[in-house]
Amino acid sequence: MFVDIAKISVAAGDGGDGAVSFHREKYVAAGGPDGGDGGKGGDIVFVADDHSSTLSDYRYQRKFRAENGENGRAKRSFGKSGKNMVLKVPRGTLVKEAESGRIVADISSNEPQIIAKGGRGGWGNSHFATATRQIPRFSKPGLPGEKLELQLELKLLADVGLLGFPNVGKSTLLSVVSEAKPEIANYHFTTINPILGVVRLFDQSFVLADIPGIIEGAGQGVGLGHQFLRHVDRCRMLIHVVDISGSEGRDPKTDFETIMKEAGEYSAELPGKPMIVAGNKADLASEEQIADFKTFVTGKGYAFFPIMAAIGEGVDALLRKTIEMLSKLPPVVRYEPEPAPVPEIDQTRGRPFTVTVKDGVYLVEAEWLLPIMRVADFNDYESLQYFQRTLISSGIIDALKEKGVQQGDTVSIYDFEFDFVL
């Protein structure tokens, strides 16, 4: 079964906890703290797989979790990092946040994409030894890994998309101009999955996609309309195939207008894509039919090529025009990741947190702070000011004061430490 949308849950591994340990060795006095740090949690990593053309692997298995990092040990032994969870998806898959629709990554290149980062390992007590705190009896727990609800959407990477009603000859054209072997039969919806083929002409080539037949109402999702129209989004240009003979009792002009209407209702950008119109089954049409349709199409600003796809008649001219147009067009669309929204200051009020005091260090824990800390630049004045206002607004500063924090005391928020200033 062809599946081009899937919803999954991913969780990166948690960081291992830091260890509390003291060096004990015969004849070595006051060995001191030697607790090691916890290991980093594994990441969730997506990679493009050119041997896959469907998201069906994610139809039934929907939850994925990377390995946790190991806890730290004595003798400053660091915990082992957790293994990454690598998820393979077809090239051209968009990874989005399920709730907001924010684009997290476009899996179109060969570069692996880290979608959810594993938590950092917690610090062992050896990190907290100072001249005035020589026997720290505490460590830090590992940070939790990122957890995301994701929607995967496959949008095929093709230079040119074949658009048109069912049974107008799109699959036949693809089989004639490329090595692709789509099923071809004289009934509607022979093609139920988008099929890619590489077209080579002289020393040039491009990727052509046979988009399964669109029907009236596809723009509103009738039939499998949205599934199929989604794959046209990335195409640099379109070849609109029309049965110019009207062999199935439909009017070619009406077919053309219907498909353009459905494409426009799905996305306002689709009708504006560069396009060539191929009038297939020209051998079954009269010269008057061909001339009339050509006048109709060229009047709308499109180049027109009558063809007989089954025997390759007129196809070379169509391909030469396609290559000429592609040479002037930008490359296939790549979607840029969208940054995660930073919460407004007033949205942090009332959120839960804990403040504990261990050996004179004020430890703050608040999971909602982690995304803010990941994007904060503590070397930038404005970013630091925003973080400070967040601590004030959320009540963390007041809670520190209630715990007795004084000027110069150490405040530790996960892996960020600072001296408290009144």
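The values are calculated or read from the model by the stated rules, or taken from the named source; none is laboratory data. What you see is a predicted model, and the numbers here were worked out from it, not measured in a lab. Because the Cβ atoms are built from the backbone with ideal geometry, glycine has one as well, and the counts that use them run over all protein chains shown.
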Problem set entry | region 288-320: number of residues that are outside any loop (DSSP other than H, G, I, E, B) and surrounded by fewer than 16 Cβ atoms within 10 Å (Cβ to Cβ) | 11
Problem set entry | The listed residue being touching a helix residue (DSSP H, G or I) at 6+ places or on another chain (Cβ under 7 Å), modelled with pLDDT of 85 or more and not assigned by TED's automatic domain parsing to the domain that holds residue 274, out of 143, 148, 208, 173 | 143
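Just to be sure, is residue 364 among the aliphatic types (A, V, I, L, M), modelled with pLDDT of 85 or more and assigned to a loop (DSSP other than H, G, I, E, B)? Spell out the reasoning first.
Working: among the aliphatic types (A, V, I, L, M): yes; modelled with pLDDT of 85 or more: yes; assigned to a loop (DSSP other than H, G, I, E, B): no.
The answer is no for residue 364.
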Exercise. List, please: which pairs have Cβ atoms under 9 Å, are six or more places apart or on different chains, and start with a residue in region 250-272 that is in contact (Cβ under 8 Å) with a residue 40 or more places away in the chain and within 15 Å of residue 292 (Cβ to Cβ) and end with one that is among the aromatic types (Phe, Trp, Tyr) and exposed (fewer than 15 other Cβ atoms within 10 Å of the Cβ)?
Worked result: none
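Counting just the residues of region 283-313 that are of a type in the set (A, V, I, L, M) and within 18 Å of residue 175 (Cβ to Cβ), which one comes out nearest to the chain's Cα centre (by Cα)?
Going residue by residue through region 283-313, those that are of a type in the set (A, V, I, L, M) are 284-285, 290-291, 297, 303, 307-311.
Imposing the further condition that a residue be within 18 Å of residue 175 (Cβ to Cβ) reduces the set to 307-311.
Details: 307: 39, 308: 40, 309: 37, 310: 39, 311: 41 Å.
By that ranking, first place goes to 309.
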Exercise. Out of curiosity, is residue 103 assigned by TED's automatic domain parsing to the domain that holds residue 150, touching a Lys or Arg at 6+ places or on another chain (Cβ under 8 Å) and surrounded by fewer than 22 Cβ atoms within 10 Å (Cβ to Cβ)?
Worked result: yes
For this session: Identify, from the list 353, 420, 387, 416, the residue that is surrounded by 13 or more Cβ atoms within 10 Å (Cβ to Cβ) and without any contact (Cβ under 8 Å) to a residue 24 or more places away in the chain.
Result: 387
Exercise. So which residues in region 397-422 are over 26 Å from residue 116 (Cβ atoms) and not in a loop (DSSP other than H, G, I, E, B), if there are any at all?
Worked result: 397, 398, 399, 400, 401, 402, 410, 411, 418, 419
Exercise. Where residues in region 283-304 are β-branched (Val, Ile, Thr) and touching a residue at least 24 places away in the same chain (Cβ under 8 Å), which of them is nearest to residue 165 (Cα to Cα)?
Worked result: 297
Problem set entry | Failed condition for residue 280, given (1) under 14 Å from residue 168 (Cβ atoms); (2) polar (S, T, N, Q); (3) without any contact (Cβ under 8 Å) to a residue 12 or more places away in the chain | (3)
Problem set entry | Cross-chain or 6+ apart pairs with Cβ under 9 Å, region 153-169 first and at pLDDT 85 or above and crowded, with 21+ Cβ neighbours inside 10 Å, then in a loop (DSSP other than H, G, I, E, B) and among the hydroxyl-bearing types (Ser, Thr, Tyr) | 154/53; 154/54
Problem set entry | Subset of region 40-56 (residues that are part of a strand (DSSP E or B) and either touching a Gly at 6+ places or on another chain (Cβ under 7 Å) or of a type outside the set (Gly, Ala, Ser) (or both)) | 44, 45, 46, 47, 49
For this session: Restricting attention to strands (runs of 3 or more DSSP E) lying wholly within region 57-139, give those where 1 or more residues are of a type in the set (S, T, N, Q).
Result: 93-97, 113-116
For this session: For region 73-101, enumerate the residues that are within 17 Å of residue 233 (Cα to Cα) and basic (Lys, Arg).
Result: 91, 96
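I'd like the full set of residues that are over 39 Å from the mean Cα position of the chain (by Cα) and closer than 21 Å to residue 142 by Cα, limited to region 393-413.
Within region 393-413, 410 is the sole residue that qualifies.
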For this session: Being modelled with pLDDT of 90 or more and within 36 Å of the chain's Cα centre (by Cα) narrows it down to one of 353, 416, so name that one.
Result: 353
